[in-house]
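To start, the structure under review is shown below, and the notes come after it.
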Amino acid sequence: MATTETALKEALTSIEGATGVALVDYTSGMALGTMGGSKTFDLNIAAAGNTDVVRAKMRTMEHLGLKGEIEDILITLSSQYHLIRMMKGRGGNGLFLYLVLDINRSNLAMARHQLKRIESEIEV
């Protein structure tokens, strides 16, 4: 089991092209932990904004009567991937991992695989 800080550090250092990562509570919109980012990219603001994305998707699924669970959400920008991975099990209900990747230095399939592994090891 990994602590939040250890898991975020692992995501930032082991996932090729990662520039920022956060553990977010989507009930409050608050980041419980962040690592990376920059002066021009505030992970706390991004966490709050992506909470709205998660909530909107959950509402849409409810309106459509979809019974499945969100595994992850991908937002593709011209220079970045933003990957939202919903936490499951062991106290992860209501939480998601948010990963920012440089599109030119990352492998999206590998990043998804590694983030899934990190999510399964994190202890909240």
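Considering only region 37-124, give the strands (runs of 3 or more DSSP E) lying wholly within it that have at least 3 residues that are loosely packed, with under 15 Cβ neighbours inside 10 Å and among the basic types (K, R).
none
List pairs: first residue in region 98-116 and over 17 Å from L8 (Cβ atoms) and at pLDDT below 95, second residue of a type in the set (D, E, K, R) and open to solvent by 30 Å² or more (accessible area, probe 1.4 Å) anywhere in the structure, Cβ distance under 6 angstrom, at least six positions apart or on different chains.
From region 98-116, no pairs qualify.
Being surrounded by 22 or more Cβ atoms within 10 Å (Cβ to Cβ) and touching a Gly at 6+ places or on another chain (Cβ under 6 Å) is the filter here; which residues of region 4-20 pass it?
Hits for region 4-20 are L8, G20.
Any chance you could count how many residues in region 21-36 are at positive phi and open to solvent by 20 Å² or more (accessible area, probe 1.4 Å)?
Within region 21-36, residues that are at positive phi and open to solvent by 20 Å² or more (accessible area, probe 1.4 Å) number 1.
The values are calculated or read from the model by the stated rules, or taken from the named source; none is laboratory data. These numbers come from a predicted model, not from an experiment. Because the Cβ atoms are built from the backbone with ideal geometry, glycine has one as well, and the counts that use them run over all protein chains shown. The accessibility values were calculated without ligands, DNA or RNA, using every heavy atom of the protein model including side chains. Shrake-Rupley method; radii C 1.70, N 1.55, O 1.52, S 1.80 Å.
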